[in-house]
Amino acid sequence: MTATLGWLRRQSAGIVALVLVATAFLIARLPTYSAAQTAETASKYSFEPLSIALPSGYDQKSIRKVNKDYTHIDAWISSVGAAIAMNDLDGDGLSNDLCLVDTRIDQVVVTPTPGEKANRYAPFALNPAPLPVNDHMAPMGCVPGDYNEDGRLDLLVYMWGRTPILYLAKANASGLSAAAYRPVELVPGVNSTNGRYTGPQWNTNAATVADFDGDGHDDIFIGNYFADGPVLDPTVSGGVHMNHSMSNAHNGGEDYFFRFTGAKSGDKPSAAYQKFDDVLPEEVSKGWELGASANDLDGDLLPELYLANDFGPDRLLYNRSTPGNFKFSLVEGVRSPLIPKSKSVGHDSFKGMGVDFGDLNHDGVYDMFVSNITTSWGIEESNFQFIADVKNQSELRDRFREGVAPYVDRSATAQTAWSGWGWDVKIEDFNNSGEPAIAQATGFVKGYTDRWPQLQELATANDELLQNPTWWPNTRAGDDIAGNQALHFFVKGPEGRYINLAPQLGLDVPVPTRGIATGDADGDGRVDFAVARQWDAPIFYRNKSPEQGAFLGLRLTRDEKPADGTLPAAGSPVTGAQVCVMTPDGRTYISRVDGSSGHSGRRSTDVHIGLGANVTGPVKVRLQWRDRTGQVREQDLQLTPGWHSLKLGQQAREK
């Protein structure tokens, strides 16, 4: 006994330390839901996976040919490009058409959503002819929009190795096919030699559409990732570089704004946009953009712009534009000893991939969710769930004018901070419960040889080495970095924290995903979604969730007669229009007509708002928009739950 007591006395310091560590762990450990609570929450959702029809006859690939300087990291360079968008392209009144980039064939494909009305037309690839192309370019994304204002939805395709192309719908097309679109340059000028493209070698990974200057016409933002150069040309060495920092890089591609100046409809449609290349300071313009989202945050109907940057701080830009003049100012979070630098808007050193806006706490002010790299034992940053720390939009506007972005990251306490190598993100109410869920794409390079250790060494290397690709560790075919990560589906649980229900819902397929597109494809009031997978087949998830409540769906289009023609016209979306719904019991919900948000997934331009239970009669709806003259309009309506189609001009009227 004496010997035992003596041993305990000698080890007392260690024993006390172990007790303190164990106590600290129990106190700091994040709470979890029980299996029963998780199952109960999951029972409120259900999705049916359906294959997406694709055109045949194209050669398949699993990696891209790249610049000789990038050969040893060709799998890394080949890690982006899968994209998907959902909208009403054929004018049948439903968001049941997809525009996607399939990296396996490097084609931009238009195809019907599977399920009902899937045989309306055969899937096809867009044809850029007669515009010049070459063998050293690849599509990166597709953004639907009415770019020539004729009431029919067109397609903006952005690429690596080339400036973007507008595919304008022909008014007299007999139906959707490659022949139904006329390709025109977004950036006109001499760009070919002997029929081959020799113009600017943009490498674009971010695009969004909004009326940035408030003149009543949609503008376009293009964010480039790599600096201009022959990234995908395997016949040359040089002319390319990598980021010059892992945490503060600003040597990427430049950003551009395009202002609408005119258009024509008919069988030879056209659209003209004026390019602005000096809107943003160089350090902002040359961030490595992987995502962008535009939305009016402060209530003046001028959309702010959030840029999600790889290798450096994200940027939130407060819109101070006037018609014909783009002007933005940086707004940033206020740091304090209790807030880590990277948890403050505009100060982070994380790897921003995607961003979306939504009112996550029901206070009538938009919050933000941002994807980053959050892999345990890999690179463990965190996602951002930025909650607006203001009472209303008026207070937010005052803070923006002071240069302050008053947002607090709540991802850790919400348990949405860590998910993997994050990409696109969409905030939607998938079961009409009144509580939005968060769908997030994850994963990087799929293979069988683990390269995390080499990546960790790179992440801690001296920044002076990074710009030269020679110093980057091999990442080639067969190598794996976060290749088995799966889609995440965060749902708020009974105690307010979120649960990733992807495993319970059958969504956790271990394949790298990139873009998420959302919309109600069959008009049943439940939001469906489609997922673009990198080097794998895209997938469509039909929403079969049990009824949890009512919904309000709005198709908001311009009060203009579509241009004459045989191709049905869905109408020109009122991009940026704001919707505020007030239920009889005092709850408030907000949403907007989204011109394009995130990484490479695009939601429908329809507005869908879940109202929750016990809503049967009309609800008060406040609409705010700019008409074609740029005049701000506002109108209150009483609308019953369900779908409504409204024309917005000087007033709102139901079709």
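A few comments on the model shown:
- Complete set of residues in the stretch 531-590 that are closer than 25 Å to Arg120 by Cβ, buried (at least 20 other Cβ atoms within 10 Å of the Cβ) and among the β-branched types (Val, Ile, Thr): Val531, Ile539, Thr557
- Some residue of the stretch 329-338 being modelled with pLDDT of 95 or more and buried (at least 21 other Cβ atoms within 10 Å of the Cβ): yes
- Among the residues of the stretch 365-395, those that are of a type in the set (Gly, Ala, Ser), crowded, with 21+ Cβ neighbours inside 10 Å and under 26 Å from Ser591 (Cβ atoms) comprise Ser371, Ala388.
- Count of residues meeting criterion [surrounded by fewer than 22 Cβ atoms within 10 Å (Cβ to Cβ) and not in a loop (DSSP other than H, G, I, E, B)] in the stretch 416-427: 0
- Output for the stretch 173-206, where each listed residue is of a type in the set (A, V, I, L, M, F, W, C) and surrounded by fewer than 17 Cβ atoms within 10 Å (Cβ to Cβ): Ala178, Ala179, Val190
- Among the residues of the stretch 118-134, some residue qualifies, meaning at least one is surrounded by fewer than 24 Cβ atoms within 10 Å (Cβ to Cβ), modelled with pLDDT of 95 or more, of a type in the set (A, V, I, L, M, F, W, C) and under 23 Å from the mean Cα position of the chain (by Cα).
- Screening the stretch 432-482 for residues that are free of Cβ contacts under 8 Å to residues at least 40 places away in the same chain and among the hydroxyl-bearing types (Ser, Thr, Tyr) and picking the one that is farthest from Pro512 (Cα to Cα) gives Thr460.
One line per residue, one yes/no per condition, for (1) without any contact (Cβ under 8 Å) to a residue 40 or more places away in the chain; (2) under 23 Å from Met246 (Cβ atoms); (3) in contact with a strand residue (DSSP E or B) (Cβ under 6 Å, 6 or more places away or on another chain):
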site: Pro337; (1), (2), (3): yes, no, no
site: Phe350; (1), (2), (3): yes, yes, no
site: Gly354; (1), (2), (3): no, yes, yes
site: Asp359; (1), (2), (3): no, no, yes
site: Val365; (1), (2), (3): no, no, yes
site: Ile373; (1), (2), (3): no, yes, yes
site: Ser376; (1), (2), (3): no, yes, no
site: Gly403; (1), (2), (3): no, no, yes
site: Tyr407; (1), (2), (3): no, no, yes
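- Subset tally (residues that are small (Gly, Ala, Ser), within 30 Å of Lys117 (Cα to Cα) and in contact (Cβ under 8 Å) with a residue 60 or more places away in the chain) for the stretch 179-206: 1
- Test result for Thr605, crowded, with 24+ Cβ neighbours inside 10 Å, out of contact with any helix residue (DSSP H, G or I) (no Cβ under 8 Å at 6 or more places or on another chain), among the β-branched types (Val, Ile, Thr) and modelled with pLDDT of 95 or more: yes
- Pair list, Cβ under 7 Å, 6 or more apart: the stretch 311-326 residue within 30 Å of Leu455 (Cα to Cα) and in the same structural domain as Ala461 (by TED's automatic domain parsing), other residue assigned to a loop (DSSP other than H, G, I, E, B) and β-branched (Val, Ile, Thr): Leu316/Val345
- Test: residue in the stretch 131-141 that is in contact with a helix residue (DSSP H, G or I) (Cβ under 9 Å, 6 or more places away or on another chain), in contact (Cβ under 8 Å) with a residue 60 or more places away in the chain and either part of a strand (DSSP E or B) or more than 25 Å from Pro469 (Cβ to Cβ) (or both): no
- Scanning the stretch 135-148 for residues that are of a type in the set (D, E, K, R) and surrounded by fewer than 24 Cβ atoms within 10 Å (Cβ to Cβ) yields a single hit, Asp135.
- Residue match in the stretch 184-205 (condition: modelled with pLDDT of 95 or more and over 17 Å from Val133 (Cα atoms)): yes
- Note on the stretch 150-172: among residues that are touching a Phe, Trp or Tyr at 6+ places or on another chain (Cβ under 8 Å) and in a loop (DSSP other than H, G, I, E, B), the one that is surrounded by the most Cβ atoms within 10 Å (Cβ to Cβ) is Arg162.
The values are calculated or read from the model by the stated rules, or taken from the named source; none is laboratory data. From a predicted model like this one, the values you see are computed outputs, not experimental measurements. Using ideal geometry, Cβ is built from the backbone for each residue, glycine included, and neighbour counts are taken over all protein chains shown.
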